[in-house]
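Encoded as C-alpha cells, the structure appears first; notes follow it.
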Amino acid sequence: MRITRQYKWALGMAVLAMLRAESAFAHAQQGQAAGFLTGLGHPLSGLDHVLAMVAVGLWGAQLGSPFIWLLPVAFPLVMAMGGMLGFMGISLPGIEYGIAASAILLGAAVMFEVRPPLAVAAILVGFFAIFHGHAHGNELPMGQSALLYSMGFVIATGCLHATGIGIGTIHRWRWGQTLLRVAGAVVAAGGVFFMWKAFP
Amino acid sequence: MKHLSVFRLSISATIAFAVPLCPTPALAHLNSTGMGPIYDGLTHFLMSPEDVVPVLALALLAGLRGASYGRRALFVVPIAWLLGGLLGLRASATNDNVILSSIWFLLLGGLLAADAKLSLRVTTVLAALLGLYHGYLNGSGMGASGYVAAALLGLVFAVFVVVALPAAFVVRLRVAWARIAVRVAGSWIAASGLLLLSWATRRG
C-alpha cells in the first residue's frame, strides 16, 4: 500500500486544525464524557460479553449474506430491550447463566458451522441479546448520562461484532474455515468456564 | 507522483497525534473578536448528543435516499431550526423533554435501520419538525441576553455542517456493505433511543 501526496497534505491539515484548538464554552452538561466512556468500557470489561459478541460476528461471517448484516442490525435493538428492563429495575433471573450459555451456544454454532434458517438464527441471537443488554442496563452508574452510557455500550457492542465479522473474513480460505471452527471451540470453552463460575 | 511509505507515514502520524495530546490553555480572547457567541452556539450544538444524533440520523437517511433528499434536508433542517430558535427566544425557558428526544432517536434510527423508502415530502416534513422542535428547545434555553441571535446563528451553522457532510458522504456510497454499515448505525441510534426512553420513564 502506498500513500499519495494528497493524503499527506490532508493529514497535515488535520493535525494543524487540531493544534489550532479553541476552548469550548458550552459545557452546559457535566459528566457526559464519563458516561460515554463507562458505557464504552462496559462490554469490554467482561470476557464473557466479549466472547459472545465476537462469536455473533464470526457466525454472521460464516453464514454470509443476509445473516452477516441482519444479525448486527437486529442485535443492538433486542439488546436495548434487555437494557430497558435493566434501566427500569425489572429483574431477570439467571443473567449470568444466560450470558455464559450465549457463549457456549454461539461458540458451538461457529465450531460446527451450523446453518439454521434466518428466523431461527435471529431468534437465538436476539434471545441472548436480552441477557447482555440487561447486564449493561442494570449497571448504569449513578449521576452519569444515561443517553451517553447507552450510546457507549451500544457502540462498543457493535464494534465487537465488527471485529468478529472482520476476523470471519478468513472464511474464504480453507485454512480460515478450520481456524474459525477452532475459534468457535475457544468461545464455547470460555462459555463453559463462565457457566461453571456462575454456579454458587 | 511522489509517495510515502506506510511506515514513514505511521511514524509521522504518531508524532503528529501525540503533540495535540499535550495541549496548553487556549487563550483565544474571543471577546475582542466578537465571535464568542457564535462559537458558543456552535459548540453547544456539537456537544449536545440529544441534538446532534437525530440530525445525524436524518442526514444519513436523506443521503441513503439520494442527492435530492440530501439537498432538501440540507436547507430545511437549518432553516426550521432557526425559526424554532427564534420562536423559542420569545418563550419562557422550557425543560428538554427526554421522552420526546428518545422518540426522535427511535423514529429516525428505526427508519434508517429499515432503509425506509420515504417520499421526498415525508422527509421534508420530518426535517422541518426536527428543526422546529430542537430549535425551539435551544432558543427557549438561551435566555434573554443580548448576544443570543449570534449564538443561534452559530448553532444553525453547525446544524448545516452536520447535515451536509454525512449526507454528502452517504449519497456517494454505492457498495452494498457500506450502505449496510450506515443502516447498522441507524440500529445503534434506535437502540440508544429505546434505552433513553426506558431511563426517562423510570425517572418519571
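Coordinate-derived values only; no laboratory data. The model shown is predicted, which means the values in this text are computed figures rather than measured ones. Methodologically, a virtual Cβ is constructed for each residue, glycine included, from the backbone with ideal geometry; neighbour enumeration extends over all protein chains shown.
What to note about this one:
- By the beta-carbon count within 10 Å of each Cβ, the least crowded to most crowded order of A:Ile123, B:Ile15, A:Ile68, fewest first, is B:Ile15, A:Ile123, A:Ile68.
- Calculated FRET value between A:Ile90 and A:Ser65, using beta carbons and R₀ = 35 Å, to 0.05: 0.45
- Within chain A, the whole DSSP H helices whose Cα atoms reach 20 Å or more along their own axis and whose mean Kyte-Doolittle score is at least 1.6 are A:67-87, A:95-111.
- Per residue, the average separation of C-alpha pairs within less than 8 Å and at least 6 apart gives the stretch A:80-145 a relative contact order of 69 percent.
- For residues of B:42-53, the mean tally of beta carbons on other chains within 10 Å: 4
- Legend: helices of chain B (whole DSSP H runs) are marked when their alpha-carbon atoms reach 20 angstrom or more along the helix axis and their mean Kyte-Doolittle hydropathy is at least -0.5; marked are B:49-65, B:67-90, B:98-113, B:120-140, B:148-171, B:176-203.
- Efficiency of FRET between B:Ala168 and A:Ala198 - r from beta-carbon atoms, R0 51 angstrom, step 0.05: 0.55
- Relative contact order for chain B: 36 percent, from Cα pairs under 8 Å spaced at least 6 residues apart, divided by residue count.
- Pair B:Tyr147, B:Val52: separation of 7 Å Cα→Cβ label points (nm): 2.2
- In the stretch B:146-193, inverting the average of 1/r over every pair of distinct C-alpha atoms gives 12.9 Å as the Kirkwood radius.
- Packing here is the average count of other Cβ atoms within 10 Å per residue, and on that basis the peptides B:125-135, A:161-171, highest first, run B:125-135, A:161-171.
- For the stretch A:162-198, the list of chymotrypsin sites (Phe, Trp or Tyr not before Pro) that fall in a loop by DSSP and count at most 11 other C-beta atoms within 10 angstrom reads A:Trp173.
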